[in-house]
Amino acid sequence: MLALVIALPAGEVELASDALWALGVVAIEERDGEHRIDDHYVELWTSLGDDADTVAKAAEGFPARWRWRLVEVDETVAETWRAHVTPTWVADDVVICPAWIPVEAPSGTVVLRIEPGATFGLGNHPTTVLTVRALRASLFPGATVLDVGCGSGVLGVAACAFGAGRVDAIDLSPAAVGVTAANAARNGFGGRIAVSTTPIGDVDDSYDVVVANILAPTLIEMAGDLRRVLGPAGVLVISGVLSGRFAHVVDALAPLQVIAVDELEGWAAVTLRW
Ligand SMILES: C[S@@+](CC[C@H](N)C(=O)[O-])C[C@H]1O[C@@H](n2cnc3c(N)ncnc32)[C@H](O)[C@@H]1O
């Protein structure tokens, strides 16, 4: 299979990782790259599939200073990340567990089993952890939820585990549809989660809780729709924004007001309401 290798300044790893997650990669490995006189370069190893033309098209969106190449790798090597992942404890009583490994959890623990397939994510990214926590704080039994950018469906699955009555999950990536449906069924919530590639602009309903763990520029782009689909007593949870650097996103969402901010490893989740 083809690995996509991107050499870039170390200071831009987060930016590049975000871009790659948004493109639907499943894993990213950081390796030390060549050293430049004025900067330290690293290499990000990942995969966008085996079609070189598709990868080249996606790479057109990268800044010119990121140098990328394709490397043929053994498929078994590309899958080794699966052997090294561990469960992610979101709270003392909530754990997100890769579907293929056993988890030992005290009784009463909410165990969410996730297989990411070719989507973001496994549930271990700080933005996902923050969003699950904020979701739990915002949900009430029977609440309706819109998950914008559902990826593997982990947030919708969590919402159902916390009592949501119905979740509409949307993502522009077609891969997210099958993966989210499978994770919903895997966790016993197949009847409560509806997933599609419907653009948020075409969503007609309004919801008690809207979650969007997407990068800041996209959140700003869809701010009007996020407000439109939020019910009068609704709560919006956004993540995918950097700690202390989300004022411009909050401004775009005005007149919604911030009611809570939580931060983890340089990322933030922000909860807003009317
Ligand atoms: C950071 S991932 C979040 C995945 C998952 N919700 C989580 O929290 O782990 C962002 C997701 O948003 C999707 N996405 C990006 N732009 C979007 C848009 N304009 N509309 C819908 N989904 C979008 C990407 O395909 C990706 O699956």
Checklist line | All positions within segment 181-211 that are touching a residue at least 60 places away in the same chain (Cβ under 8 Å) and either hydroxyl-bearing (Ser, Thr, Tyr) or under 17 Å from ALA118 (Cβ atoms) (or both) | finding: ALA182, ASN183, ARG186, TYR207
Notebook entry, point to check: Which one is farthest from the ligand (Cβ to nearest atom) among residues in segment 261-274 that are under 26 Å from THR144 (Cβ atoms) and either under 20 Å from the mean Cα position of the chain (by Cα) or in a loop (DSSP other than H, G, I, E, B) (or both)?
Noted result: TRP274
Margin query: Condition first: more than 9 Å from the ligand (Cβ to nearest atom) and either under 16 Å from THR127 (Cα atoms) or assigned to a loop (DSSP other than H, G, I, E, B) (or both). Now tell me which residues in segment 199-218 satisfy that.
Written below: VAL203, ASP204, ASP205, SER206, VAL210, ALA216, PRO217
Notebook entry, point to check: near the ligand (Cβ under 9 Å from one of its atoms) and of a type in the set (A, V, I, L, M, F, W, C): does that describe CYS150?
Noted result: yes
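Here is a list: VAL235, VAL258, VAL241. Which entry is within 15 Å of the ligand (Cβ to nearest atom), in the same structural domain as VAL157 (by TED's automatic domain parsing) and assigned to a strand (DSSP E or B)?
Just a single option satisfies the conditions, and that option is VAL241.
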Next item on the list: Answer yes or no: is there a residue in segment 183-194 that is within 12 Å of the ligand (Cβ to nearest atom), buried (at least 24 other Cβ atoms within 10 Å of the Cβ) and of a type outside the set (Lys, Arg).
Entry: yes
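Which of the following residues is crowded, with 24+ Cβ neighbours inside 10 Å, at pLDDT 95 or above and of a type in the set (Val, Ile, Thr): THR119, THR131?
THR131
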Notebook entry, point to check: Any idea which of (1) within 14 Å of the ligand (Cβ to nearest atom); (2) more than 12 Å from VAL270 (Cβ to Cβ); (3) touching a helix residue (DSSP H, G or I) at 6+ places or on another chain (Cβ under 8 Å) is the one ARG227 doesn't satisfy?
Noted result: (1)
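Taking segment 62-81 only, how many residues are in a helix (DSSP H, G or I) and surrounded by 15 or more Cβ atoms within 10 Å (Cβ to Cβ)?
1
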Margin query: So the check is Cβ under 9 Å with 6+ separation or different chains; which pairs have a first residue in segment 1-16 that's at pLDDT below 90 and a second one that's among the acidic types (Asp, Glu) and in a loop (DSSP other than H, G, I, E, B)?
Written below: MET1/ASP50; MET1/ASP74; LEU2/ASP50; LEU2/ASP51; PRO9/ASP39; ALA10/ASP39; GLY11/ASP39
Margin query: With the requirement that a residue be assigned to a helix (DSSP H, G or I) and touching a Gly at 6+ places or on another chain (Cβ under 9 Å), what does segment 40-57 give you?
Written below: VAL55
Check: Would you call THR119 among the hydroxyl-bearing types (Ser, Thr, Tyr), closer than 25 Å to GLY24 by Cβ and in a loop (DSSP other than H, G, I, E, B)?
Finding: yes
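Mind checking whether some residue in segment 18-35 is outside any helix (DSSP H, G or I), within 20 Å of the chain's Cα centre (by Cα) and basic (Lys, Arg)?
Looking for residues that are outside any helix (DSSP H, G or I), within 20 Å of the chain's Cα centre (by Cα) and basic (Lys, Arg), one finds none in segment 18-35, hence no.
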Notebook entry, point to check: When ALA3 is evaluated against the numbered criteria (1) among the hydrophobic types (A, V, I, L, M, F, W, C); (2) more than 15 Å from the ligand (Cβ to nearest atom); (3) touching an Asp or Glu at 6+ places or on another chain (Cβ under 7 Å); (4) under 22 Å from SER173 (Cα atoms), which criterion, by number, is the only one it fails?
Noted result: (3)
Check: What is the residue count in segment 140-185 for residues that are closer than 13 Å to ILE214 by Cβ and β-branched (Val, Ile, Thr)?
Finding: 2
Check: Is there a residue in segment 90-98 that is assigned to a loop (DSSP other than H, G, I, E, B) and out of contact with any helix residue (DSSP H, G or I) (no Cβ under 8 Å at 6 or more places or on another chain)?
Finding: yes
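The values are calculated or read from the model by the stated rules, or taken from the named source; none is laboratory data. On a predicted model such as this, the values are computed, not experimentally measured, just so you know. We place every Cβ from the backbone using ideal geometry, glycine too, and count neighbours over all the protein chains shown.
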